[in-house]
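In what follows, a structure is listed as structure tokens, so that the remarks can point back to it.
The values are calculated or read from the model by the stated rules, or taken from the named source; none is laboratory data. Please read these numbers as outputs of a predicted model, since none were measured by experiment. Here the Cβ is made from the backbone with ideal geometry for all residues, glycine too, and neighbour counts use every protein chain on show. Note: areas computed on protein heavy atoms with side chains; ligands, DNA, RNA excluded. Shrake-Rupley method; radii C 1.70, N 1.55, O 1.52, S 1.80 Å.
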Amino acid sequence: MKTTKNRWLIALSAVGIHISIGSVYAWSNFTAPLKNMFGWSDSEVALTFSIAILFLGLSAAFLGHFVEKYGPRKAGLLAAIFFGIGITGSGLAVDFGSKYMLYVCYGALGGIGLGVGYIAPVSTLVKWFPDRRGLATGLAIMGFGFAAAISSPIMNSLIETVGVANTFYILGVSYFAIMTLSSLYLEKPAEGWLPEGFQAKIESGKAKPTLELSQLMANEAVKTKRFWYLWLMLFINVTCGIAILAVAKPLAMESIGIDMTAAAALVGAIGIFNGLGRIGWASLSDYIGRPNTYTAFFVLQIVMFFFLPQVSIQWLFMAMLIVVYTCYGGGFSSIPAYIGDMFGTKQLGAIHGYILTAWAAAGLVGPLFAAWIKDTTGSYAGSLTFFSGLFVVALVISILIRFDINRLKAENAGKVGHSKEAV
């Protein structure tokens, strides 16, 4: 008889993969060294990161079906190969002094590893934790959020001691090893598997059955209104959040007059609360429901973005930014569980991949828009007010999706009623 794997070790393996690929958020550590070595401009260096995020979204969309067909272990190994080669190849790009080679290695190859590595463990965790979907996805995606805080000091130390190229070589080999070992433990649960005692709790009324309003294939899901509702909600949440993330340091200096050191410390705190928001909001969503969670995101951020330009009290400004970033991180971690609720787990990885194209689009739109507002008005205040308006649109969408949810619940209740009559 086949032994069932420990689902908490599955979760730990997912964290291992996400901590590795999440190091992309620490890319800024390479900005100054690359500019000093080759005389590249800020935009030339930043383009590497933009390409990586673009390929993350594209590969998640196009390889989501690969994850479903071949399983999380092979998908994780594929991610390890692409990400490992991409980071190691970036060392060669530095040795050759080629920014185009860097774009291909770190941006394209590394980005493909990012996309596959992001969705492979998450879709598996949802199936292992039918009783706590939010907590499970929050754990893995929390790793992605915290990765920059973990990898940033390591990167800085390596760059200072062994140089930029050798740093890429060391990181590439290390990430490949961690991701490979983590992937080897990944596995889908058996069909119909439930945690021990979960069925008894459902029958006694101590636990609610897993909410699955439908079981759709990925290509069926994209034809529904609720798919596009989810896509738009994630797009707006990420667009506004990533735009402020890109300019958090100068925004704080401009708005509340703090010095560069204090602004840098604030950026670090934002990173921590970004990670905490991923586990916190996703876990809370298991109790209050995914629709209420997303509505809460948007109500909070309408207020925060509207009043941020008027706030001059340092502690209040910082507190408001921290709330924004818990919502930013929570949006990422809650979406896989929301997908499971809406479309089932049959092709959750593929559907998640399609929805992550919203991240790729937002990664391009958000920072560019914030920079454009700054260039044309001389201040970031205008973009914050605009983003507050965008969150009003997101709030309306979070209400509209409830009509679809209620309709599906009524249809499912009708089917249950008919089946009882037939018996």
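Note on region 61-113: residues that are over 23 Å from P336 (Cα atoms) and in contact (Cβ under 8 Å) with a residue 12 or more places away in the chain total 25.
Quick check on region 336-346. Is at least one of its residues buried (at least 24 other Cβ atoms within 10 Å of the Cβ), assigned to a helix (DSSP H, G or I), small (G, A, S) and out of contact with any Asp or Glu (no Cβ under 8 Å at 6 or more places or on another chain)? No. Scanning region 266-313 for residues that are basic (K, R) and either open to solvent by 60 Å² or more (accessible area, probe 1.4 Å) or over 29 Å from G382 (Cα atoms) (or both) turns up just one, R290.
Selection within region 167-193: residues that are among the hydrophobic types (A, V, I, L, M, F, W, C) and part of a loop (DSSP other than H, G, I, E, B). The member of this set that is farthest from R73 (Cα to Cα) is W193. Against the conditions (1) under 30 Å from L12 (Cβ atoms); (2) buried (at least 16 other Cβ atoms within 10 Å of the Cβ); (3) modelled with pLDDT under 70, P209 satisfies every one except (2). Here P195 qualifies as in contact with an Asp or Glu (Cβ under 6 Å, 6 or more places away or on another chain) and not small (G, A, S). Out of contact with any strand residue (DSSP E or B) (no Cβ under 8 Å at 6 or more places or on another chain), closer than 21 Å to Y25 by Cβ and surrounded by fewer than 24 Cβ atoms within 10 Å (Cβ to Cβ): is that true of I81 in this structure? The answer is no for I81. Out of T293, T326, one residue alone is among the β-branched types (V, I, T) and more than 29 Å from K374 (Cα to Cα). It is T293. In the condition set (1) modelled with pLDDT of 85 or more; (2) among the hydroxyl-bearing types (S, T, Y); (3) under 26 Å from V116 (Cα atoms), S152 is compliant with all but (1). Among the conditions (1) open to solvent by less than 50 Å² (accessible area, probe 1.4 Å); (2) under 26 Å from L56 (Cα atoms), W372 misses just one, which is (1). Beta carbons closer than 6 Å, at least 6 apart along the sequence or on distinct chains, pair a first residue in region 130-145 that is closer than 17 Å to S20 by Cβ with a second that is open to solvent by 20 Å² or more (accessible area, probe 1.4 Å) for A140/V15; M142/I279; G143/V15; G143/I19.
If you take the residues of region 21-40 that are polar (S, T, N, Q) and at pLDDT 85 or above, which of them is least open to solvent (accessible area, probe 1.4 Å)? That would be S23.
Here's the yes/no breakdown for (1) of a type in the set (F, W, Y); (2) at pLDDT below 90; (3) touching a Leu at 6+ places or on another chain (Cβ under 9 Å):
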{"site": "V303", "(1), (2), (3)": "no, no, no"}
{"site": "G331", "(1), (2), (3)": "no, no, yes"}
{"site": "K346", "(1), (2), (3)": "no, yes, yes"}
{"site": "A360", "(1), (2), (3)": "no, yes, yes"}
{"site": "L364", "(1), (2), (3)": "no, yes, yes"}
{"site": "A370", "(1), (2), (3)": "no, yes, yes"}
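I'm trying to understand the selection: among the residues of region 50-62, which are open to solvent by less than 50 Å² (accessible area, probe 1.4 Å) and either closer than 22 Å to N29 by Cα or among the hydrophobic types (A, V, I, L, M, F, W, C) (or both)? If the condition is that a residue be open to solvent by less than 50 Å² (accessible area, probe 1.4 Å) and either closer than 22 Å to N29 by Cα or among the hydrophobic types (A, V, I, L, M, F, W, C) (or both), then S50, I51, A52, I53, L56, A60, A61 are the ones that fit. Any residue in region 385-392 that is touching a helix residue (DSSP H, G or I) at 6+ places or on another chain (Cβ under 6 Å), crowded, with 22+ Cβ neighbours inside 10 Å and of a type in the set (S, T, N, Q)? Within region 385-392 (the criterion being touching a helix residue (DSSP H, G or I) at 6+ places or on another chain (Cβ under 6 Å), crowded, with 22+ Cβ neighbours inside 10 Å and of a type in the set (S, T, N, Q)), the answer is no, since none of the residues qualifies. What do you reckon, is I17 closer than 18 Å to G110 by Cα, buried (at least 23 other Cβ atoms within 10 Å of the Cβ), in contact (Cβ under 8 Å) with a residue 60 or more places away in the chain and touching a Pro at 6+ places or on another chain (Cβ under 7 Å)? So I17 passes the test.
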